[in-house]
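To keep things clear, I will list the structure first and then write my remarks on it.
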Amino acid sequence: MNWKIVCPTILVLALLLPLTGSSYAIRISTLFIIYTIAAMGLNIIIGYTGQASLTQGAFYGLGAYVSALLVLNGWSFWSSLVVAVAFVAAVAFLIGLMTLRLKGAYFAIATLLFNVIIYEIVDKWDEVTRGPRGLFGIPSPAIEIGGVSISFSGTQNFYYLMLAVLVIMTVLYWIIIKSPFGSIIVAIRENELLAEYAGVNLTKFKVASFVFSAIFASVAGAFYSAYIGSIFPDITSFVNSFAFLTAVIFGGAGTLAGPFVGTAVVTLINEVFFTLAQYTVLIQGIVFLLAILFMPKGVMGTYYSRKAEKGGELPKRAIMGKL
Amino acid sequence: MMIEINYFINVLIGGLVVGFIYALTALGITIIYGILQIPDFSHGNRYMLGAYAGFLAASIAGNMLEISYIAAILAAVAVSALVGVLSYLLVYRRLLDAPHITSFIAAIGLLMLLEGFALAVFGPRYQHIHTPFDYMVLVGALRISAQRLVILLSSIATIAFLFYFLKRTITGIALEAVAQSPIGARLVGINTDKITLIAFAIAGALAGFAAALIAPITLVYPIMGAELNLKAFVICVVGGLGNIPGAIAGGLVLGIVESIYGGYFDIRWKNLVAFGILVAILILKPEGLFGKKERRA
């Protein structure tokens with residue numbers, strides 16, 4: 001695949017999508033973009049740093065809650081987005097500092113516990129969050145350029161807004177991975193001890209990539225609350241963490257395009273089984289398990305491995321050994 | 001004053017009952033971890049499927065409460081053990097050479113799959129398992145539900161039996177040998193694959209038994225496994241993964257703390273307090289309260 005051709009083509013197709021006139025396609029694509037942003041973030045910490053974080057769902061939900069609460073209290077969407085991202089980044093910084101010296105499954109369990117703790121707080125602290133009653137009537141964002149105000153309340157407008165956000169976040173994601181920072185976290189993933197002996201401050205880089213992953217999640221969450229207009233404590237539950245994890249693993253942890261492919265599959269499953277909601281978890285579980293058993297490197301990882309067997313080159317930051 | 005002490009004892013017994021259920025489930029996780037070094041995150045859903053098997057068996061077995069409850073217990077133990085064996089054969093055995101984190105992620109997939117299965121087949125409704133021990137017993141001036149006494153006595157008996165099995169039977173000793181050194185065990189001619197299967201069966205059976213014991217009190221529903229799983233799991237970590245006495249002690253302590261907190265303080269924050277304490281221990285003493293200092297790696 002030649003990314004210099006594929007990426008612009010997809011972007012042009014995405015720009016043209018509203019021409020189909022199908023508000024259903026636009027709605028799904030908007031949700032796909034939101035989930036992809038959160039999955040990209042998770043890929044930074046899982047795929048590139050090699051730390052199995054299970055707090056992504058809580059960061060996503062927390063981003064949604066903080067920004068929605070501020071917007072409902074008269075803030076503009078953009079300033080509340082900034083505050084939400086800063087708040088979630090600070091929370092992630094503290095959680096990261098506490099948990100990232102734990103290794104492997106211990107780290108995963110600790111982050112899962114923090115996910116449950118955040119959920120419990122959002123669900124039970126109803127003086128602030130309104131608890132299980134949820135938040136309603138979250139207004140859509142608007143922007144003012146030279147006296148002309150553009151509202152993103154329509155499906156189509158919001159879709160173009162999200163497309164712009166996706167491009168910005170993808171570029172950010174690309175810069176993080178391709179920068180020297182990216183090569184250091186990959187070094188940590190491949191051999192922690194060696195990286196430490198080479199002078200890498202493990203905690204600093206692990207916490208930094210944990211915070212980056214949380215920033216992506218909170219951006220996604222904030223836009224989700226503005227798009228859907230109502231949120232409930234369930235949004236912070238670890239079910240979302242597992243869904244993002246499924247997307248990253250299925251798409252290919254540690255590959256740039258993995259989160260896009262994986263999220264496409266997860267979103268599709270959710271939509272196909274929307275009327276049969278009771279089967280969603282079952283199907284997701286089956287897809288997840290089949291992926292880990294038969295394709296542990298995910299769609300993109302397997303694609304690159306096949307290519308490497310035929311003499312092609314592995315991408316620079318691909319996972320070398322087994323996942 | 002008398003009444004207050006009675007209330008306290010009742011709270012304490014409630015805590016012990018829940019604590020033993022935690023312990024029985026946590027024991028399974030710890031046994032599996034001891035053998036394979038896999039934190040088997042799907043274990044709670046074996047407990048849940050056991051409860052459903054018990055519910056089905058009880059409704060088939062008819063109206064005689066004694067018979068239907070025994071059928072429920074047997075079915076729960078059998079099905080949970082079977083699910084354990086199948087999880088090993090179909091999933092974990094394929095991942096023996098992969099890093100442990102892959103097995104952990106696979107366990108999350110299994111967790112989702114089993115819960116999704118229950119949700120798809122049984123729906124989100126609450127189901128009942130009826131028990132013949134649906135009456136109160138007078139102990140001194142204390143009125144205690146007979147089912148709770150049954151849970152206490154049979155859990156203690158099960159744990160005693162488990163210890164006897166691990167320390168005094170050839171299979172049990174082989175199991176401990178594999179836990180201590182899989183290669184060493186293979187060298188002296190132990191079939192580690194078979195022992196691992198037995199470990200999964202025992203772990204599943206314990207979870208199924210716990211489910212059948214507590215189901216008449218807590219009812220049966222799809223997410224009962226996920227709720228218990230997280231607690232049982234952290235109990236194991238706190239007690240030191242692979243440490244059997246640690247899992248029992250951890251389970252009882254968590255059950256009692258939760259019960260006392262719920263009996264005297266705002267029940268709203270019960271889960272938050274429980275998980276807060278657990279995560280604090282996990283961070284401050286990652287090797288577990290009773291573990292050796294190697295668990296951080």
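Just one of (1) surrounded by fewer than 15 Cβ atoms within 10 Å (Cβ to Cβ); (2) touching a residue at least 60 places away in the same chain (Cβ under 8 Å); (3) part of a helix (DSSP H, G or I) fails for residue A:175. It is (2).
For region A:115-125, the criterion of being in a helix (DSSP H, G or I), at positive phi and either more than 14 Å from chain B (Cβ to nearest Cβ) or touching a residue at least 12 places away in the same chain (Cβ under 8 Å) (or both) is satisfied by no residue at all. Please tell me if residue B:195 is under 30 Å from residue A:52 (Cβ atoms) and modelled with pLDDT of 90 or more. Criteria met by residue B:195.
Okay, residues lined up against (1) modelled with pLDDT under 90; (2) surrounded by 14 or more Cβ atoms within 10 Å (Cβ to Cβ); (3) within 14 Å of another protein chain (Cβ to nearest Cβ):
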position: A:64; (1), (2), (3): no, yes, no
position: A:92; (1), (2), (3): no, yes, no
position: A:105; (1), (2), (3): yes, yes, yes
position: A:132; (1), (2), (3): yes, no, yes
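Of the residues making up region A:96-110, none is among the hydroxyl-bearing types (Ser, Thr, Tyr) and touching a residue at least 40 places away in the same chain (Cβ under 8 Å). Residues that are open to solvent by 10 Å² or more (accessible area, probe 1.4 Å) and aromatic (Phe, Trp, Tyr) were ranked within region A:218-241; the one that is nearest to residue A:158 (Cα to Cα) is A:227. Could you list all residues from region B:109-136 that are within 14 Å of another protein chain (Cβ to nearest Cβ), over 19 Å from residue B:60 (Cβ atoms) and not aromatic (Phe, Trp, Tyr)? Correct list: B:109, B:110, B:111, B:112, B:113, B:114, B:115, B:116, B:119, B:120, B:124.
Residue by residue, here is whether (1) more than 7 Å from chain B (Cβ to nearest Cβ); (2) modelled with pLDDT of 80 or more; (3) part of a helix (DSSP H, G or I) holds:
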| residue | (1), (2), (3) |
| --- | --- |
| A:250 | yes, yes, yes |
| A:254 | yes, yes, no |
| A:266 | yes, yes, yes |
| A:274 | yes, no, no |
| A:279 | no, no, yes |
| A:292 | no, yes, yes |
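Look at region B:181-233 and say how many of its residues are within 22 Å of residue B:110 (Cβ to Cβ), open to solvent by 20 Å² or more (accessible area, probe 1.4 Å) and outside any helix (DSSP H, G or I). Here the count works out to 2.
For region A:107-126, which positions are under 21 Å from the mean Cα position of the chain (by Cα), over 15 Å from residue B:282 (Cα atoms) and open to solvent by less than 40 Å² (accessible area, probe 1.4 Å)? Spell out how you get there, then give the answer.
As a first pass, look at region A:107-126 and keep what is under 21 Å from the mean Cα position of the chain (by Cα): A:107-119, A:122.
Filter once more, keeping what is over 15 Å from residue B:282 (Cα atoms): A:118-119, A:122.
Once the filter is applied, which keeps residues that are under 21 Å from the mean Cα position of the chain (by Cα), over 15 Å from residue B:282 (Cα atoms) and open to solvent by less than 40 Å² (accessible area, probe 1.4 Å), region A:107-126 yields A:118, A:122.
Using the structure shown, decide if residue B:115 is closer than 16 Å to residue B:52 by Cα, among the charged types (D, E, K, R) and touching a residue at least 40 places away in the same chain (Cβ under 8 Å).
Values: closer than 16 Å to residue B:52 by Cα: yes; among the charged types (D, E, K, R): yes; touching a residue at least 40 places away in the same chain (Cβ under 8 Å): yes.
Yes, satisfied.
The values are calculated or read from the model by the stated rules, or taken from the named source; none is laboratory data. Model, not experiment: these values are computed from the prediction. For neighbour counting, all protein chains shown are included, and Cβ atoms are generated from backbone atoms with ideal geometry for every residue, glycine included. With ligands, DNA and RNA removed, areas are computed over all heavy atoms of the protein, side chains included. Shrake-Rupley method; radii C 1.70, N 1.55, O 1.52, S 1.80 Å.
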